[in-house]
Structure formats: C-alpha cells, structure tokens
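The values are calculated or read from the model by the stated rules, or taken from the named source; none is laboratory data. What you are looking at is a predicted structure, and each value in this text was computed from that prediction instead of being measured. Quick reminder, even Gly has a Cβ in these numbers, built from the backbone with ideal geometry, and neighbours come from all protein chains shown.
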Ligand code: CA
C-alpha cells in the first residue's frame, strides 16, 4: 500500500481505536418479555435521526457498518426512521460522541465502551478486558448472562441505551522492531495501547501511549513510539505497519474480543413507537454479527498478504511473558474494583460468568480448535 492510499484510508481520521448472574432466570429475560403490542403504524409520522461515530467516514468495516445500520433501519421501517451517518469529526469530535448522545445533540453513536472510562471506569467491562472473554463468551454474558441489565443500568445514568453492535474478535499483539523474549524486553518500551491493556503495560515497566489513529504510522516510523497495537491483519495492513516494523506479535492478550456498541439517547429511544424500537435493536444485532464476520473474512486474506508481501516475522509472545502480563492484569483489575463500586459489581458478574464458561469453552471450542480443526 502506498502512502497516498494509506492517507486515503485515514482521511478525515482522528480515529482512536485501535477490548454473575448466570442461570436460567437471566437467560430467559429476552424471551419472557411482554409481547409487543401491535403498533399503530402512522406512515406520516417519520423520524430524522443522526448517528455519530468514533471512526472516520466510511472507515473500512466500522464506518461501513454504520452506513449499513442506517440503510437496514430505513428499509425495515419503510422509511419511517431515517438516520444520517456522520463520521468522527464531521459533526462531533470522535471521542465526544458519548456526551453528544447523552445530551441529545445527536440520537445515536457507534464506538467502543472503553473510550468512556473517563466518564465512569466500569464502561471498560463492556468493551474488552485483558485475558478476559472472547467474542462468543462476551456475547453470551451480555445477551444471556446478566451483562445487558448491568450495562443498561450503568448507562441509564447518562440517559443512554447501549446495545451490542460489533466485535473485532481476538486482536493481534502488535508491531515491534525488537524481539520480546522476556518481560524485561517491555521495560522502557513506548507503545501505543489503549484501555486496561495500557495500564498492564505500564506495570511491566513500559509506557502506554494513546496515539490517534492518523498519527501512529508517522510516530512509529520516526521512533516517537517503539511499538504499536492496532486491530488485526486487515486494518493493520491498511495502516501500512508491515512496511516499518519487523515483528508482528500474537496473540492480542490485551483485547481478546473488543465489543463495539451502539448508544442511543434513552429518552428519544423510549419515545419511539415500539416497532421502531425493535427495529433499532434488530439492526444493532445484525451489525454485531456483520462486523465480526467481515473482520474474520478479511483478516484471513490480509494475514496472508502481510506474510507474503513484506519482510515481517510473525511471532508468538513467550508463555513466560504472557504469564507475567496476566499477573499484572490481576493487579490492575484488583485496583479497579477496590476504587469503584460499579466496577466491583460489574466485575463480579463478568468474572463469575467467565469462570462458569470455562469448562464448557474448554471441552467445546478449545478442544475443537486444538484437536479437530483443519490446519
Ligand atoms: Ca486494539
């Protein structure tokens, strides 16, 4: 990819991305709701909404998903709910969308919950946690394991209604110009890494920096940062990191399944006719599935390109390094739950669900990947 295509990929971009109460009663919440009353559909009663995003306009996968979301809602509603999509910075700066939706300046936002840690740190459990749940486990916790109620309760304070609307799956560990053979190799390392993973890196003696998406390539090229993580092969290739970094590490221990969200102004959502509310929920569900499928199908192709077009060495973090990072993660999480009551309550549900899933995940998915999958 040449510099001009990379600029095009990032155009207008100040993107910053790139991370219980289990049991039958909770699992049945979705199906035990009161049946929807037959809505009185008034086709003259239309709504014109706006969605703002934390991604640049038409950004591959993530921005594209917002365009699809608007189109699906338009088609399902017979044109009664029309949504205009704004990329980050077109109407609202990318990292101010939470506030803009909360105060009703726009009706919807698409982004990642860990961007709002400054509003309230417990949001981070609704994106991703280092060494936490993968996409399947996370979806199960939110949809059937009690996570949804906790998420809605937390966001209701901001007059927001959150919905699952995408996932990156397991990310890659990042791009380095030196090998990581022991935990000491992370000491003094300046690395672009957001969220809780960044706090873990700090504990390992590194320095985590949050660099806007449009600046990472130049910073890495000029040595302002020594390393960076981003997402996975597809987006990483488009960013051009394979041209300026020698080692591409896996796995993305810091983001094992970064959930993405659709946030809707709660007052405005509740003022919609019930059928339009369900149409919004359904479009968000579709976005959740579409984004994950799109990342997986593209990552497959672009991992191959990275391996064959450049001089990149694909490397796994040594177990010794991962084990140490897991210890530091436990410390970071412990500090978080000690400092904040919401974090304590939500992490309890998160952690109980993760532990409860362990046996089932081990004998189903893990066993399949290790012993049965074609490779
Ligand atoms: Ca990332």
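Just checking, does the stretch 56-78 include any residue being in contact with a strand residue (DSSP E or B) (Cβ under 7 Å, 6 or more places away or on another chain), in a loop (DSSP other than H, G, I, E, B) and surrounded by 20 or more Cβ atoms within 10 Å (Cβ to Cβ)? Within the stretch 56-78, not a single residue is in contact with a strand residue (DSSP E or B) (Cβ under 7 Å, 6 or more places away or on another chain), in a loop (DSSP other than H, G, I, E, B) and surrounded by 20 or more Cβ atoms within 10 Å (Cβ to Cβ). Do we have any residue at all in the stretch 179-195 that's part of a loop (DSSP other than H, G, I, E, B) and closer than 22 Å to residue 136 by Cβ? No, the conditions are met nowhere in the stretch 179-195. Do the conditions hold for residue 174, that is, is it within 18 Å of residue 123 (Cβ to Cβ) and buried (at least 24 other Cβ atoms within 10 Å of the Cβ)? Answer is no for this residue. Only residues that are crowded, with 18+ Cβ neighbours inside 10 Å, farther than 17 Å from residue 165 by Cβ and at pLDDT 95 or above were counted across the stretch 79-90, and they come to 1.
Against the test of being modelled with pLDDT of 95 or more, at positive phi and within 16 Å of the ligand (Cβ to nearest atom), the options 126, 131, 176, 138 yield a single qualifying residue, 131. When restricted to residues that are farther than 18 Å from residue 127 by Cβ and part of a helix (DSSP H, G or I), the stretch 94-113 contains 1. Within the stretch 310-318, identify whether any single residue is in a helix (DSSP H, G or I) and surrounded by fewer than 17 Cβ atoms within 10 Å (Cβ to Cβ), and answer yes or no. Checked the stretch 310-318: no residue is in a helix (DSSP H, G or I) and surrounded by fewer than 17 Cβ atoms within 10 Å (Cβ to Cβ). Across the stretch 117-138, which residue is farthest from residue 266 (Cα to Cα) among those that are assigned to a helix (DSSP H, G or I) and within 12 Å of the chain's Cα centre (by Cα)? Among those residues, the one meeting the criterion is 135. Regarding residue 214, is this residue in a helix (DSSP H, G or I), within 16 Å of the ligand (Cβ to nearest atom) and under 23 Å from residue 51 (Cβ atoms)? It is true that residue 214 is in a helix (DSSP H, G or I), within 16 Å of the ligand (Cβ to nearest atom) and under 23 Å from residue 51 (Cβ atoms). For the stretch 350-369, indicate whether the set of residues that are assigned by TED's automatic domain parsing to the domain that holds residue 240, outside any strand (DSSP E or B) and farther than 21 Å from residue 176 by Cα is non-empty. There is no residue in the stretch 350-369 that is assigned by TED's automatic domain parsing to the domain that holds residue 240, outside any strand (DSSP E or B) and farther than 21 Å from residue 176 by Cα. Among the residues of the stretch 226-245, those that are in a loop (DSSP other than H, G, I, E, B) and away from the ligand (no atom under 14 Å from the Cβ) comprise 226, 240, 244, 245. The sole residue among 175, 151 that is touching a helix residue (DSSP H, G or I) at 6+ places or on another chain (Cβ under 6 Å), under 24 Å from residue 207 (Cβ atoms) and outside any loop (DSSP other than H, G, I, E, B) is 175. The selection criterion, being surrounded by 11 or more Cβ atoms within 10 Å (Cβ to Cβ) and modelled with pLDDT of 95 or more, does not hold for residue 41. Taking the stated definitions as given, is residue 143 under 26 Å from residue 266 (Cα atoms) and either assigned to a helix (DSSP H, G or I) or in contact with a helix residue (DSSP H, G or I) (Cβ under 7 Å, 6 or more places away or on another chain) (or both)? For residue 143, the condition - under 26 Å from residue 266 (Cα atoms) and either assigned to a helix (DSSP H, G or I) or in contact with a helix residue (DSSP H, G or I) (Cβ under 7 Å, 6 or more places away or on another chain) (or both) - is met. Of all residues in the stretch 246-259, none are modelled with pLDDT of 95 or more, more than 13 Å from the ligand (Cβ to nearest atom) and assigned to a helix (DSSP H, G or I).
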